[in-house]
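Participant: Below you will find the structure I want to go over with you.
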Amino acid sequence: MLPNRYSWTREGLSLLFLTTLVFWFGGEMIWDGKVPFFRDLGPYFYPMRFSLAESLKIGELPLWDRQVAAGFPLLADFQSGAFYPPHVVFLLVSFFSAVATMFLFHYLVAATGCYFLCRHWGYPFYLSIIGAILFTFGGVIVSLTNLLNHFQTAVWLPWVVLLAERCLRSLSWRRFVAFVCVLLVQLLAGSPEFYVMSMALVLLASVRAKLSGAAVASYSRILLLLLGGNLLAASLAMVQLAPTVELFLHSRRSQVIPYSEAMDWSLNPANLLNLVFLNKEVDTSILAGMSFFFPGRASLFLSYYLGAISLFGAWFWALYSSAKERAITLLLIALTLIFAFGGYTPFYPWVLRYAPVFALIRFPEKYFFLTYGLLWFVILRGLVAFMGRDVSKPSRTSVVVFPVILMLVPALLLLTLNTEYVSQWVASKANSVSPSYQTIKVAASVLLAVERQVFLSIGILILILAAKKRLARTALFQVLLVTVVFIDFDRAHRDYQYLLSPDLVNQGPRVISRPESDLARVFYYPGRETLHPAQYSVLARPSFEGAISLVYNNLLPNTGVFHGFHYFQEIDAFSRRPYLAFLNFTDRADPELRFRLLRALNINYVISFRPLPELGITLIRHFPEYPSWLYRLDGTVPRTYVVSKSIVESNPTQVLRRLASPEFDRMQEVVLDQEPGIRPQRPLLATTNIVRYGNRAVTIHASLNDSGILILADSYYPGWKAYVDGQEASILKANYFFRGVALPAGDHTVEFRYDPLSFKIGWVISLLSLTAVGLVTLWRYLSRREKAGVTALA
């Protein structure tokens with residue numbers, strides 16, 4: 001509650017200050033037009049958001065994306081955030097301006113949510129600002145900027161906790177609707193995993209409030225609120241969820257994920273040092289974009305850093321919290337860490353064996369988000385406990401402060417006077433016999449990082465003690481403390497955004513300036529092991545920005561969608577089963593077999609960072625500056641054509657083997673999953689012309705002298721319907737991946753329309769749920785007015 005005008009003024013100034021911090025942290029997005037580029041942003045999230053934006057701008061529901069994966073159900077991919085309300089910004093400004101706006105908006109969501117949550121808990125305004133800085137600019141949230149759906153979901157956590165606790169303290173329909181609305185927004189943001197983990201943290205926060213004696217509802221009311229709120233949010237989001245369930249059932253995610261993949265991206269326990277120490281630094285002069293002080297690979301979260309102030313908060317919490325709170329919280333932290341450690345412990349593999357549902361959350365390191373939430377709570381609770389207590393007596397102050405000084409100052413002196421020891425230690429970690437130039441360079445970085453942490457810690461310590469001893473105006477020390485904490489996070493994490501100019505997308509030289517036709521498909525050929533574009537390796541050693549330019553200039557999947565190129569390869573997390581069958585077959589096939597199969601799949605261009613054997617492919621150009629090689633596939637089938645001969649085969653491996661066989665005439669034959677019901681009588685002469693080619697509708701004119709099968713080389717997927725001369729016809733699964741329709745002799749207009757039943761069902765459920773919420777809200781409003789009128793008459 002804010003009881004007076006001064007409180008409102010102070011809250012407004014605090015929010016203005018947080019907004020200023022957000023704009024400072026992401027300033028290059030505002031003043032220079034830069035946007036983050038790291039990992040999945042460039043080849044995955046930006047093309048997906050671009051397709052979403054293009055659909056919205058033409059007033060079309062983003063149900064299908066014709067450009068990627070031979071056609072893909074865009075809405076059904078939960079990561080697209082097709083109905084996420086903030087995505088309306090794509091209608092208002094240019095694409096990359098909208099991207100920058102979205103990042104800044106979500107930083108503000110995190111910062112303001114944390115601030116209001118801390119104020120709701122009764123924390124002082126300056127510690128509430130520190131809490132907002134700690135969460136918003138801390139390692140985990142900034143690391144998630146390269147995983148856009150997780151980032152958009154995670155930042156709503158403080159708002160969900162806040163509105164849940166408001167409901168529990170004083171339940172009303174208005175507060176319940178507000179809680180459900182923020183649940184709905186978080187759910188639609190695109191990360192079911194982080195949504196579920198957020199609900200776990202909300203439950204913990206609610207139970208903590210109950211145990212602490214706050215005036216909240218009973219435990220049964222807590223469960224009912226969370227269950228009812230989530231059920232209502234899910235029903236309102238069913239327009240998104242129902243198509244997602246359909247895609248789930250047609251993808252590999254409906255099956256048990258292989259153990260090796262489920263264990264990938266496990267949190268290395270040694271990386272926990274990064275909680276209080278900067279053990280790496282951004283280096284955009286190298287391809288990886290990051291230089292590690294010690295051997296290891298980049299983790300899922302680039303940083304776990306919680307700032308120099310976290311040591312003080314954790315120490316104060318250990319001193320002043322109750323034994324019960326310490327025991328329960330430490331147990332929860334340990335449990336979440338065990339899950340995050342994944343393959344580094346025997347526990348998580350055991351869990352997967354008996355509860356494979358946990359494998360749905362790929363990459364165990366994601367569970368560290370739970371740990372992060374608990375640590376954030378611990379640090380804030382410790383700071384609030386210390387600043388709110390009387391530690392004016394020297395003995396008590398010494399108990400609190402002496403251990404911190406005992407740890408920090410000797411460490412700095414020891415390392416400063418023994419730099420050779422640091423160099424030797426770094427060399428041993430790098431398995432080097434003696435220090436080299438590189439290990440000396442790393443040792444200097446380690447020493448600098450240690451000095452940074454020590455001086456920051458001493459500065460924070462002086463400010464805290466000065467504020468407690470009232471050596472000067474309290475407000476001055478509060479402002480200085482907040483400033484030091486922000487500078488710590490700003491210097492540590494601003495570069496982790498990897499901000500670059502989007503000109504490298506729009507203006508860079510490309511291996512193909514534009515498609516020779518509007519329906520040209522590009523295929524990236526990674527190497528011998530697999531044809532899945534999970535990674536790339538080049539002979540050159542570009543900088544980080546050079547590597548991003550290389551990806552876009554070579555049109556690696558799915559970067560070419562900005563310029564009208566189409567793709568066959570899928571890089572979506574779901575991966576539909578036909579594509580998995582394709583990979584399983586081609587990964588064991590020789591190059592000649594692979595190229596024959598690609599020609600049957602409407603692939604026009606092949607791009608590789610290695611020279612390829614020219615077996616049915618023609619070298620168009622070699623680009624020594626990358627270096628890369630561009631090939632054209634000879635004799636590729638067109639996007640649509642007609643054949644007369646059909647073969648019935650349903651086994652995926654047999655279908656692919658036949659398509660890659662030298663005896664298979666791809667322009668005259670097709671492999672179907674059922675009999676087409678036609679009997680050609682003479683040699684076929686046929687022409688086709690695509691009249692309209694949209695995301696949700698394709699119109700083709702076909703002329704045949706005899707009956708045949710029209711093939712459209714786009715994905716066969718539930719929800720597509722075919723109409724021949726206005727009459728609905730059955731769609732055949734052609735060549736395992738594509739759509740086919742049987743046609744009699746003559747001239748025909750064939751139309752394919754995407755009209756999925758799952759979307760209709762979801763739309764009806766969402767509409768009915770929204771109507772029910774609206775009617776209840778209206779009824780309660782009218783009842784309240786009627787009661788107010790009766791009271792006035794009385």
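The values are calculated or read from the model by the stated rules, or taken from the named source; none is laboratory data. Predicted model only: the values in this text are computed from it and were never measured. Don't worry about glycine lacking a Cβ; one is built from the backbone with ideal geometry, like all the others, and counts go over all protein chains shown. Ligands, DNA and RNA are excluded from the accessible area calculation, which covers all protein heavy atoms including side chains. Shrake-Rupley method; radii C 1.70, N 1.55, O 1.52, S 1.80 Å.
Participant: What are the pairs with Cβ atoms under 9 angstrom where one residue, in the range 532-556, is modelled with pLDDT under 90 and the other, located anywhere, is among the basic types (Lys, Arg)? Sequence gap at least six, or different chains.
Facilitator: Close Cβ pairs (under 9 Å, with a partner that is among the basic types (Lys, Arg)) amount to Ser537/Arg610; Leu539/Arg610.
Participant: Looking only at the range 296-329, which residues are under 29 Å from the mean Cα position of the chain (by Cα) and assigned to a helix (DSSP H, G or I)? Before you say what the answer is, go through the steps one by one.
Facilitator: Step one: of the range 296-329, the residues under 29 Å from the mean Cα position of the chain (by Cα) are 296-310, 329.
Answer for the range 296-329, where residues must be under 29 Å from the mean Cα position of the chain (by Cα) and assigned to a helix (DSSP H, G or I): Ile309, Ser310, Thr329.
Participant: I would also like to ask the following. Do we have Glu261 as at pLDDT 90 or above, charged (D, E, K, R) and within 27 Å of the chain's Cα centre (by Cα) here?
Facilitator: no
Participant: Yes or no: the range 717-732 includes at least one residue that is acidic (Asp, Glu), open to solvent by less than 40 Å² (accessible area, probe 1.4 Å) and touching a residue at least 12 places away in the same chain (Cβ under 8 Å).
Facilitator: Looking only at the range 717-732, we keep the residues that are acidic (Asp, Glu), and these are 725, 728.
In the following step, the residues that additionally are open to solvent by less than 40 Å² (accessible area, probe 1.4 Å) were identified as none.
Scanning the range 717-732 turns up no residue that is acidic (Asp, Glu), open to solvent by less than 40 Å² (accessible area, probe 1.4 Å) and touching a residue at least 12 places away in the same chain (Cβ under 8 Å).
Participant: Within the range 613-642, can you find the residues that are hydroxyl-bearing (Ser, Thr, Tyr), assigned to a strand (DSSP E or B), over 34 Å from the mean Cα position of the chain (by Cα) and closer than 23 Å to Arg510 by Cβ? Full working, then the answer.
Facilitator: Quick first cut of the range 613-642, residues hydroxyl-bearing (Ser, Thr, Tyr) only: 618, 626, 628, 631, 636, 640-641.
Narrowing further to those that are assigned to a strand (DSSP E or B): 618, 628, 631, 640-641.
After this cut, where a residue has to be over 34 Å from the mean Cα position of the chain (by Cα) as well, the list is 618, 640-641.
Scanning the range 613-642 gives a single hit, Thr618.
Participant: Working carefully through the options Leu211, Leu201, find the one that is within 27 Å of Leu272 (Cα to Cα), open to solvent by 10 Å² or more (accessible area, probe 1.4 Å) and not β-branched (Val, Ile, Thr).
Facilitator: Of the residues listed, the single one that is within 27 Å of Leu272 (Cα to Cα), open to solvent by 10 Å² or more (accessible area, probe 1.4 Å) and not β-branched (Val, Ile, Thr) is Leu201.
Participant: Still on this structure: Can you tell me how many residues in the range 595-612 are open to solvent by 10 Å² or more (accessible area, probe 1.4 Å), closer than 21 Å to Ile571 by Cα and in a helix (DSSP H, G or I)?
Facilitator: 1
Participant: Within the group Pro62, Pro85, Pro43, which residue is farther than 27 Å from Phe582 by Cα and of a type outside the set (S, T, N, Q)?
Facilitator: Answer to the selection: Pro85.
Participant: Using the structure shown, decide if Asp503 is under 27 Å from the mean Cα position of the chain (by Cα), modelled with pLDDT of 85 or more, under 30 Å from Phe565 (Cα atoms) and surrounded by fewer than 20 Cβ atoms within 10 Å (Cβ to Cβ).
Facilitator: yes
Participant: Might you check whether a residue that is surrounded by fewer than 18 Cβ atoms within 10 Å (Cβ to Cβ) and in contact with a Phe, Trp or Tyr (Cβ under 8 Å, 6 or more places away or on another chain) occurs anywhere in the range 301-319?
Facilitator: Yes, because at least one residue in the range 301-319 is surrounded by fewer than 18 Cβ atoms within 10 Å (Cβ to Cβ) and in contact with a Phe, Trp or Tyr (Cβ under 8 Å, 6 or more places away or on another chain).
Matching residues to (1) out of contact with any Pro (no Cβ under 7 Å at 6 or more places or on another chain); (2) open to solvent by 10 Å² or more (accessible area, probe 1.4 Å); (3) part of a helix (DSSP H, G or I); (4) more than 28 Å from Phe17 (Cβ to Cβ):
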residue	(1), (2), (3), (4)
Gly59	yes, yes, no, yes
Ala76	no, no, no, yes
Phe83	yes, yes, no, yes
Val93	yes, yes, no, no
Ile141	yes, no, yes, no
Leu144	yes, no, yes, no
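Participant: Of everything in the range 110-128, what is open to solvent by 10 Å² or more (accessible area, probe 1.4 Å) and either among the β-branched types (Val, Ile, Thr) or within 17 Å of the chain's Cα centre (by Cα) (or both)? Give them in sequence order.
Facilitator: Thr112
Participant: Given the condition open to solvent by less than 30 Å² (accessible area, probe 1.4 Å), closer than 24 Å to Gly139 by Cα and modelled with pLDDT under 70, answer yes or no: does some residue in the range 445-467 qualify?
Facilitator: no
Participant: State which residue is farthest from the chain's Cα centre (by Cα) when the search covers only the range 735-769 and only residues that are touching a residue at least 40 places away in the same chain (Cβ under 8 Å), closer than 21 Å to Tyr716 by Cα and in a helix (DSSP H, G or I).
Facilitator: This residue is Ile761.
Participant: Being over 25 Å from Leu583 (Cβ atoms) and among the polar types (S, T, N, Q) is the filter here; which residues of the range 721-738 pass it? Step through it out loud before you land on a result.
Facilitator: Narrowing the range 721-738 to residues over 25 Å from Leu583 (Cβ atoms): 721-730.
Across the range 721-738, the qualifying residues are Gln727, Ser730.
Participant: Please count how many residues of the range 244-269 are open to solvent by 70 Å² or more (accessible area, probe 1.4 Å) and either in contact with a strand residue (DSSP E or B) (Cβ under 7 Å, 6 or more places away or on another chain) or aliphatic (A, V, I, L, M) (or both).
Facilitator: Of the residues in the range 244-269, 4 are open to solvent by 70 Å² or more (accessible area, probe 1.4 Å) and either in contact with a strand residue (DSSP E or B) (Cβ under 7 Å, 6 or more places away or on another chain) or aliphatic (A, V, I, L, M) (or both).
Participant: Would a scan of the range 237-247 turn up a residue that is among the hydrophobic types (A, V, I, L, M, F, W, C), within 22 Å of the chain's Cα centre (by Cα) and either within 30 Å of Gln453 (Cβ to Cβ) or at pLDDT below 90 (or both)?
Facilitator: No; the residues of the range 237-247 include none that is among the hydrophobic types (A, V, I, L, M, F, W, C), within 22 Å of the chain's Cα centre (by Cα) and either within 30 Å of Gln453 (Cβ to Cβ) or at pLDDT below 90 (or both).
Participant: Tell me, which residue of the range 20-31 that is open to solvent by less than 40 Å² (accessible area, probe 1.4 Å) and in contact (Cβ under 8 Å) with a residue 24 or more places away in the chain is farthest from Gly131 (Cα to Cα)?
Facilitator: Met29
Participant: Still on this structure, please answer the following. Can you name the residue in the range 330-380 that is part of a helix (DSSP H, G or I) and of a type in the set (Val, Ile, Thr) and is also most open to solvent (accessible area, probe 1.4 Å) among such residues?
Facilitator: Only one residue tops the list, namely Val357.
Participant: State yes or no: is Glu545 among the acidic types (Asp, Glu), open to solvent by 20 Å² or more (accessible area, probe 1.4 Å), over 22 Å from Thr618 (Cβ atoms) and not in a strand (DSSP E or B)?
Facilitator: Taking the combined requirement at face value, the residue satisfies it.
Participant: In this structure, is Pro192 open to solvent by 20 Å² or more (accessible area, probe 1.4 Å) and under 17 Å from the mean Cα position of the chain (by Cα)?
Facilitator: For Pro192, the condition - open to solvent by 20 Å² or more (accessible area, probe 1.4 Å) and under 17 Å from the mean Cα position of the chain (by Cα) - is met.
Participant: On to the next question. Being farther than 22 Å from Tyr552 by Cβ, at pLDDT below 90 and charged (D, E, K, R) narrows it down to one of Arg679, Arg639, so name that one.
Facilitator: Criteria check complete, one pass: Arg679.
Participant: With (1) out of contact with any Gly (no Cβ under 9 Å at 6 or more places or on another chain); (2) crowded, with 21+ Cβ neighbours inside 10 Å; (3) of a type outside the set (Gly, Ala, Ser) as the list, and Leu743 as the residue in question, which single condition is left unmet?
Facilitator: Of (1) out of contact with any Gly (no Cβ under 9 Å at 6 or more places or on another chain); (2) crowded, with 21+ Cβ neighbours inside 10 Å; (3) of a type outside the set (Gly, Ala, Ser), only one is false for Leu743: (1).
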